[in-house]
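Values quoted throughout were computed directly from the atomic coordinates according to the rules given, and no laboratory measurement underlies them. On a predicted model such as this, the values are computed, not experimentally measured, just so you know. All Cβ positions, even for glycine, are placed from backbone atoms using ideal geometry, and neighbour counts span all protein chains on display.
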Amino acid sequence: MHPLIRLATGALLGFSTATPAFSSDPAATHWVATWQASPQPVWPSGFLFPTGIPHSLHDQTFRQTARISLGGPRLRIRLSNAYGTTPLRIGAASVAGSADQAPQALRFDGQPGAVIAPGQQRLSDPLAMPTVDLQAVQVSLHVPGPTPLQGFHWDGRQTSAIAPGDQTARAALLDSTATTARVLLTGIDVEAPAIARSVVVIGDSITDGATATLDHDQRWTDHLAARLAPQRMAVVNAGISGGRLLRDGMGEAALARFQRDVLDQPGVASVVVLIGINDISWPGTAFARDQPRPSLGQLKAGYRQLIQRAHARGLRIVGATLTPFAGALPGTPLDDYYQPDKDRLRRRLNAWLREDAGFDAVIDLDAALRDPVDPARLAPAFDSGDHLHPGDAGNRAMAEAVDVGVFGR
């Protein structure tokens, strides 16, 4: 057993009969989530951070790159109008297997476009385009507009492009402008052997990849995906920067979005939960000046809800300890994010997560990343420099701290 993994033996024994059944027929296939960008509502203009997107799209093409986990002979994409108050019209959509390949047109019920009602999502028709594990694909969407952008994924850690007109059929966009946010596209599924399944990681900016090198797939979930692909397991990133467990933050609370972002993902068999540091540290800062800090009991209750809901669906659920953050975000409007009493709550929560939470296993990321000289801090080799988010080496260390056996076979 990996030294940083603690198995909750009783929970696993009691859980085995509820694990989803996967066909042993080698010819059988099913749809598996292989990539995700969890949607979040666009925040008001007075928020601490700019959105990075225009207020609306009007006769424009939005192109974004997504590195999938598992490949397959066919794929389909998921578009979302989760936070829209008006119908979303897609004029055309395409997928290319790489930046230099000609895009292939997508269809929606046989049509080149689709209209998505407010609060709804839409799957494309399956497209026969073979892909391989860890392949980067490009998805282009033309919005005739004018269409207000009311939902997005803020921190894509990938450069996307907006260009005039319908350029979904072009290999190279003309007159484009760049952004690192994502819009409209929230998921990609692949057709995969029946034994394939997904591991969904729900979290905050540490999972979303904040401070990971842009355009280089250095999130800890990217490294974990590379480890799990040979086991026919996809890793789906359901992180939202500024996410919290109990309350809405820069996206809906994990408790509120757990159904959509985890339980509804096709082929999901396991979930990893790494969230809670913003619940502890936002109150009293510019993010939530007047909000009370949650108690340890309230945090425990939130985790237990996730565990119960996952087990009710027959999923394995793996917890992760919260990583050190002493000195976090210096020289920013959030330089009061860390306080010693906040860290005491983090440590008490971690102790409970390790010993008594009821997860099927726990990944001790605190132990993996902390400075042995000062355990309240990230080890310098793993620190991005802001003392909260791990850098590329830290993200790799997080993935390496996972015993892949906790996800079963």
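Going by amide H atoms built from the backbone, whose H comes under 5 Å of the H on R107, apart from near neighbours?
D125
So what's the back-of-envelope 222 nm ellipticity for the chain, counting only DSSP H runs of four-plus at -39500 (n - 2.57) apiece and dividing by all residues, rounded to 500?
-5000 deg cm²/dmol
So if each residue of separation counts as 0.36 nm, and I subtract the Cα-Cα distance between L134 and D374, what length gain in nm does that give?
That pair, L134 and D374, stretches by 82.7 nm at full extension.
Note the per residue figure in Å³ for the convex hull of the C-alpha positions in the chain.
133 Å³
Place a +1 charge on the Cβ of each Lys and Arg in the chain and a -1 charge on the Cβ of each Asp and Glu, then give the dipole magnitude about the Cα centre in debye, rounded to the nearest 20.
So the dipole magnitude of the chain works out to roughly 840 debye.
Three principal axis extents, largest first, for the C-alpha atoms of region 30-109, in Å?
Here the spans come out as 45, 27, 27 Å, largest first.
In debye to the nearest 20, how big a dipole does region 45-184 give about its Cα centre with +1 on each Lys and Arg Cβ and -1 on each Asp and Glu Cβ?
For this selection, approximately 240 debye.
For the chain, what is the relative contact order in percent, using Cα pairs closer than 8 Å and at least 6 residues apart in sequence?
The value is 20 percent.
Quick one: compute the contact order of region 259-409, relative version, from alpha carbon pairs under 8 angstrom and 6+ residues apart, as a percent.
So the answer I get is 23 percent.
So the label point goes 7 Å from the Cα of Q339 along Cα→C-beta, right? Which residues of region 277-307 then have their backbone N under 12 Å from it?
Correct set: 280-286, 288-294.
I need the peptides 372-383, 32-43 ranked by packing, meaning the mean over residues of other C-beta atoms within 10 angstrom, with the highest value on top.
Peptide ranking by packing, descending: 32-43, 372-383.
I'd like the distance separating the alpha-carbon centroids of region 88-107 and region 32-61, in whole Å.
With region 88-107 and region 32-61 each reduced to a Cα centre, they are spaced 19 Å.
Taking 1 over the mean of 1/r across every pair of different Cα atoms in region 45-184, what Kirkwood radius in Å do you get?
Its Kirkwood hydrodynamic radius stands at 15.3 Å.
Once R0 is set to 45 Å, what does the formula 1/(1 + (r/R0)^6) return for the Cβ-Cβ distance between A172 and A351, expressed as a FRET efficiency to the nearest 0.05?
0.25
How big is Rg to Rh over region 299-361, alpha-carbon atoms, Rh as the Kirkwood inverse-mean-distance radius?
1.10
Would you mind counting up the charge near W35? Only other residues with Cβ under 9 Å from its Cβ, with Lys and Arg at +1 and Asp and Glu at -1.
So the surrounding residues net to 0.
Can you give the Kirkwood hydrodynamic radius for region 242-307, in Å, rounded to one decimal and based on Cα pairs?
Result for region 242-307 stands at 12.6 Å.
Using the Karplus equation 6.51 cos²θ - 1.76 cosθ + 1.60 (θ = phi - 60°), what ³J(HN,Hα) coupling, rounded to whole Hz, does each residue of region 393-401 give in order, writing x for Gly and Pro?
Result, ordered by residue: 5, x, 4, 5, 5, 4, 5, 6, 6 Hz.
Quick check: Cα centre of region 140-202 to Cα centre of region 306-329, how many Å?
Measuring centre to centre over Cα atoms gives 27 Å.
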